[in-house]
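Have a look at the structure below before the remarks.
The values are calculated or read from the model by the stated rules, or taken from the named source; none is laboratory data. These numbers come from a predicted model, not from an experiment. For neighbour counting, all protein chains shown are included, and Cβ atoms are generated from backbone atoms with ideal geometry for every residue, glycine included. Accessible surface areas use protein heavy atoms only, side chains included; no ligands, DNA or RNA. Shrake-Rupley method; radii C 1.70, N 1.55, O 1.52, S 1.80 Å.
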Amino acid sequence: MLKKAAILFLFFTASMSLLAQDVNGGDDIIQPAFAADDETADDNSDSGEDGKTVIVTAARRKTSVESATVPVTVLASDDIEAAGGGRMTDIVNRSSSMYISRTGGKAGTSSVFIGGAPSESVVYMIDGFKINDITLPSGGFNLSLLNCANVKQVEIVQGAYSTLYGSDALGGVMNIIPKNGTENEGLEIISEYGSYNSFFESVGFNGSDDSTYGSINVTYNYIDGLSKADEPSGYKGDFEKDTDRMINVSGKAGILLSDKMFVEGVLYYSDMNSEIDKKAATDEKDHLFYDNLLMGGLRFKHQLADFYTYEIKGSVTQSERIDDGFSTSFFTESNGYRGNYELINYFNLWDIDEIIIGSENEVLHFNSINNYNTKNNVSTNSYSYYGQNLLKLNNIFTVQTGIRYYKSEEYAGAYTYQTGVNIILPVIKTAIKSSYSTGYTVPTLYQLFDTYGNRELKPEKSISFSAGINQPLGNVFSFGIDYIETEFKDKVLYDTAVWKYVNNDLKTKDITANIKIAASKYDYIVINGSILETKDELTENDLLRRPEYKASIVGNTKILNMLYVNMVYIYTGERDDFSLEPNDKKLDAYHKIDAKIEYKFNDYFNAYLRAENLLNEDYQEAYGYTAPGLSVFGGLKITI
């Protein structure tokens, strides 16, 4: 803890010294011009000059959503601000192609199934730095550890994407882009209290001048009025109310060394202390759970010529999980380390052809111990080389191709590749896209070397095909539809029949349609709907906790420049899940409505009221675990 505290203190001190120079001065774009086209661009989100939403995750280069060759979901800063609430899971769940499962309310362990893909088959990143949790048996990430307090934009790419982002990206990529310091410069304080004795406190600071920029945010979440486990039918009495506390620190800071060179650092820290009910529909007294994450990333970029820029980037992610079942005499402690280092070369040829050539090295270490004195202490090392060619012709025709070679200590080398095309028809602006890509990863250290592990496991592979169309009508109306199917070969799953991890095949098919009507930046309505088909090839059953149908409607408006209103309706269809019964449990479909009203008294003071589950729907996202009923929250926001 001392080392983590020291890292946090040094980052905070450095950030504040940069911000203190001139929080009101400087230009909006404070990075050099050569950085504006790549994955590190500080203006890499929200709208470009032509009003199109700009992203970087789909190609590791700046491009518009309309010209992407793969299915992309963007949660922009305005959407995040309008929704409120602070939880990343709540924002992501508004998209019909994202399926959230939480084992016990807002603070329960969260999984996200992007287009139905297993949650551990997704690469999770903060500003391009991987944060996948090595202490989780199957990898992946607990999305409950993230909030939206310092987030500028969230970009989600569906499908196999190992060519650009390496192992783990068998089913998608989620990239969370923090604020860089140029947005709403100054101090922001938020204080909220609401149902279930919940508190949310946030303090953030943004600032920049001609050569430096940075942001830092600290949040505290507390709730103690809700049990994780749901009381079974016929139960007499009340389950113990479980307490959750979480502290988050998010920061980003950079220095412009010259007009052709800059260095930038990113930090994320999350510390969650929870009381949990590990078994569904079972009240476990004083079962404590600790989940801790610390990620620090650094990148250096230098333009050597008009056509050539190189980047050196590295990150370290430390994870720690302690499961202390006092009442059940169960205890396990796991911690892990991920070191990731990359050298990336960017070539810009005649402003139409952009080439990326890179190399990546990743070091993983995992150790654990439990009350049976079973220990794991293992490490591994991998390296890969990759390349991509992005050809753009007159903002009409885009072709994206790439290849990666990956080699780990435990397995022979393997190749992944991708190809995609996007055509925007002149005049009518219809965008037609299609892609074909592959993914690859090796089993986790836990799956290989734990007591329940299996050293005979094969590497996991995936193949994705997607196609889509988007049609805008002026700046007011747009319609889009995307189709994607992914086959997961030799997916590693735990088999309760043999108490071992085994290989299995899975399939997912997802069709998503969306309509957006926007009269202005603050007055809009978005309608999303999806149809999902999944299959476990071994059992021939649907994959668990994925609904066949999901839909959402999001509406936002501003009245007299003072009153902001945001509402969302979400329909989630029936899902299969585990059960205490011999057969799988069918979770009922449900309807959920959330709303937020915010009043702006002046430039410095806002007050808001938000409500969740207005219909007081009785539902479960995971069998045997609680979902909150009607909840009301009130908050104040001060901006200086």
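Any idea which residue in the range 211-237 is nearest to ASN150 (Cα to Cα), counting only those that are charged (D, E, K, R) and without any contact (Cβ under 8 Å) to a residue 60 or more places away in the chain?
Within the range 211-237, the first condition is being charged (D, E, K, R), and the residues that meet it are 224, 228, 230-231, 236.
Now narrow it down to the ones that are without any contact (Cβ under 8 Å) to a residue 60 or more places away in the chain: 224, 231, 236.
Values: ASP224: 25, GLU231: 36, LYS236: 43 Å.
This residue is ASP224.
Restricting to the range 367-424, and then to whatever is among the charged types (D, E, K, R) and within 18 Å of GLU342 (Cβ to Cβ), can you tell me which residue is least open to solvent (accessible area, probe 1.4 Å)?
Per the stated criteria, the residue is ARG404.
Go through the range 439-452 residue by residue and tally those that are of a type in the set (S, T, N, Q), assigned to a loop (DSSP other than H, G, I, E, B) and under 23 Å from the mean Cα position of the chain (by Cα).
Summing the residues that are of a type in the set (S, T, N, Q), assigned to a loop (DSSP other than H, G, I, E, B) and under 23 Å from the mean Cα position of the chain (by Cα) in the range 439-452 gives 1.
Among the listed residues TYR564, TYR608, TYR599, which satisfies the condition of being more than 19 Å from SER111 (Cα to Cα), open to solvent by 70 Å² or more (accessible area, probe 1.4 Å), among the hydroxyl-bearing types (Ser, Thr, Tyr) and in a strand (DSSP E or B)?
TYR599
Considering only the range 611-640, how many residues are part of a loop (DSSP other than H, G, I, E, B), among the β-branched types (Val, Ile, Thr) and open to solvent by 40 Å² or more (accessible area, probe 1.4 Å)?
From the range 611-640, those part of a loop (DSSP other than H, G, I, E, B) are 613-624, 626-630, 640; that's our starting set.
With the extra rule that they be among the β-branched types (Val, Ile, Thr), the set shrinks to 626, 640.
Still in the running and open to solvent by 40 Å² or more (accessible area, probe 1.4 Å): 640.
So the count comes out to 1.
Matching residues to (1) out of contact with any strand residue (DSSP E or B) (no Cβ under 8 Å at 6 or more places or on another chain); (2) open to solvent by 10 Å² or more (accessible area, probe 1.4 Å); (3) modelled with pLDDT under 95:
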position	(1), (2), (3)
LYS279	no, yes, yes
GLU284	no, yes, yes
MET295	no, no, no
PHE300	no, yes, no
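Among residues belonging to the range 517-534 that are charged (D, E, K, R) and at pLDDT below 95, point out the one that is farthest from MET567 (Cα to Cα).
Applying the filter and picking the extreme gives LYS521.
How many residues does the range 329-366 hold that are part of a strand (DSSP E or B) and farther than 27 Å from ASP277 by Cβ?
In the first step, residues of the range 329-366 are kept if they are part of a strand (DSSP E or B); the result is 330-349, 353-366.
Keeping just the survivors that are farther than 27 Å from ASP277 by Cβ gives 337-349, 353-365.
Matching residues across the range 329-366 total 26.
Which of the residues belonging to the range 535-547 are closer than 16 Å to SER101 by Cα and touching a residue at least 40 places away in the same chain (Cβ under 8 Å)?
Within the range 535-547, LEU543, LEU544, ARG545, ARG546, PRO547 qualify.
Would you pick out the residues in the range 131-167 that are aliphatic (A, V, I, L, M) and closer than 15 Å to GLY439 by Cβ?
Selection gives VAL157, ALA160, LEU164.
When the residues of the range 575-593 are narrowed to those that are surrounded by 15 or more Cβ atoms within 10 Å (Cβ to Cβ) and modelled with pLDDT of 95 or more, which ends up farthest from ARG546 (Cα to Cα)?
Here the answer is ILE593.
If you go through the range 218-237 one residue at a time, how many are open to solvent by 10 Å² or more (accessible area, probe 1.4 Å) and under 30 Å from ASN184 (Cβ atoms)?
The qualifying residues number 5.
If you take the residues in the range 423-438 that are among the polar types (S, T, N, Q) and under 25 Å from the mean Cα position of the chain (by Cα), which one is farthest from ASN394 (Cα to Cα)?
Step by step, filter the range 423-438, then rank; the result is THR438.
Can we say TYR337 is among the aromatic types (Phe, Trp, Tyr), closer than 22 Å to LYS179 by Cα and in contact (Cβ under 8 Å) with a residue 60 or more places away in the chain?
Against the criterion (among the aromatic types (Phe, Trp, Tyr), closer than 22 Å to LYS179 by Cα and in contact (Cβ under 8 Å) with a residue 60 or more places away in the chain), TYR337 does not qualify.
Does at least one position in the range 238-248 carry a residue that is out of contact with any Ser or Thr (no Cβ under 9 Å at 6 or more places or on another chain), touching a residue at least 24 places away in the same chain (Cβ under 8 Å) and over 16 Å from GLY297 (Cβ atoms)?
Among the residues of the range 238-248, not one is out of contact with any Ser or Thr (no Cβ under 9 Å at 6 or more places or on another chain), touching a residue at least 24 places away in the same chain (Cβ under 8 Å) and over 16 Å from GLY297 (Cβ atoms), which makes the answer no.
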